[in-house]
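Have a look at the structure below, then the notes.
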Amino acid sequence: MPSLADTQLSFTRALRDPAAPVPAGIIAWSGNAPKRRFDVYRNNVYSSLADVLAGRYPAIQRLVGEEFFRAMARVFIDAKPPTSPMLMQYGEGFAAFLDAFPPVAELPYLGDVARIEWAWSRAYHAGDAQPLDPARLHAVVPEAFAGLRFVLHPSLHLLTSRFPAFSIWHANVEDAAMPPIDLGAGGEDTIVVRPRLSVEVRALPAGARQFLDTLSRGERLDAAAEAASATDGFDLELNLRELLRLGAFCDFTSDEGGADDNN
């Protein structure tokens, strides 16, 4: 008699191979192997996982069409079956899969659009943290601003693409006619963050990614501003105002004192 581990392994293999027989030990009331019932169960597993992927990557489904998406999802499921019973974690490798999937080679931006959608999911499930109240900065004396170190919100994700990935994503999450895709429009940087109940996804202004990358390493405001200043069009005041509005920070410290008593 096969062990429980052997039974589970053969059951899993049979689920992923339509040509495989019903695993040993699974029988119907008549004593026969319930092939038709097992086929239904196998199909339901694939269908349910494809539903998970479609819910996680709605813009990708819209870009390629539902029929193609579900066929593509089956290939992904075969290659990357779930490794956790928590389906909210499923689909992490879908962007890399799209990068290497030959049938979508003429849509090279798909992987980066999928990365935005995966970041949305991660931000949605991230830990809660109160976003920084901009009024707290009013207590900082001017000479101390250069030494501020900002703590980024735990839900924040930064993405960069050589394609207009944010614009493509944004155009395909709205129930509207899809505009032409201009791959010559250049690359875009995207921020994804959930400071409160809703996930915010925005295109970043010039230099903001370099600015946030530097702050994320715990470096001072003046160092972050210097790193971003190499990008044409970087505006420190504009970036700080927009990032505070989005809730990109949850705290700050000061090297030189002058911050309020909440630090």
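Results, tabulated for the structure shown:
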{"item": "Cα-based convex hull volume of segment 130-263 per residue, rounded to whole Å³", "result": "110 Å³"}
{"item": "Relative contact order %, segment 127-263, counting alpha carbon pairs below 8 Å whose residues are six or more apart", "result": "39 percent"}
{"item": "Helix 4-16 axis, angle to the chain major axis (alpha carbon atoms, nearest 10°)", "result": "80 degrees"}
{"item": "In order through segment 135-152: 3J(HN,Hα) via Karplus (6.51 cos²θ - 1.76 cosθ + 1.60), integer Hz, x for Gly, Pro", "result": "4, 5, 5, 5, 7, 8, 5, x, 5, 9, 4, 4, x, 6, 10, 8, 9, 6"}
{"item": "ASP182-GLU242 FRET efficiency (beta carbon distance; Förster radius 22 Å; 0.05 resolution)", "result": "0.35"}
{"item": "Nearest-ten-degree value, helix 110-124 long axis tilted from longest Cα axis of the chain", "result": "80 degrees"}
{"item": "Degrees, to the nearest 10: 35-56 long Cα axis against longest axis of the chain", "result": "10 degrees"}
{"item": "Ordering of 184-193, 54-63 by packing [mean C-beta count within 10 Å, highest first]", "result": "54-63, 184-193"}
{"item": "Computed label-point distance, nm, for sites ALA5 and SER48 using a 7 Å Cα→Cβ extension", "result": "2.5 nm"}
{"item": "Distance histogram for segment 178-243 (every C-alpha pair counted, 10 angstrom bins, percent rounded to whole numbers)", "result": "19, 44, 28, 8, 1"}
{"item": "Length-normalised contact order for the chain - Cα pairs under 8 Å, 6+ apart - percent", "result": "18 percent"}
{"item": "Cα-only radius of gyration and Dmax that characterise segment 1-107, units Å", "result": "16.2, 52"}
{"item": "Packing-based order for 109-118, 73-82, using average beta carbon neighbours within 10 Å, highest first", "result": "109-118, 73-82"}
{"item": "Mean Cα-pair separation over length for segment 1-134, i.e. relative contact order, pairs under 8 Å, 6 or more apart, %", "result": "18 percent"}
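Values in this text are rule-based calculations from the coordinates and carry no lab data. The model shown is predicted, which means the values in this text are computed figures rather than measured ones. Methodologically, a virtual Cβ is constructed for each residue, glycine included, from the backbone with ideal geometry; neighbour enumeration extends over all protein chains shown.
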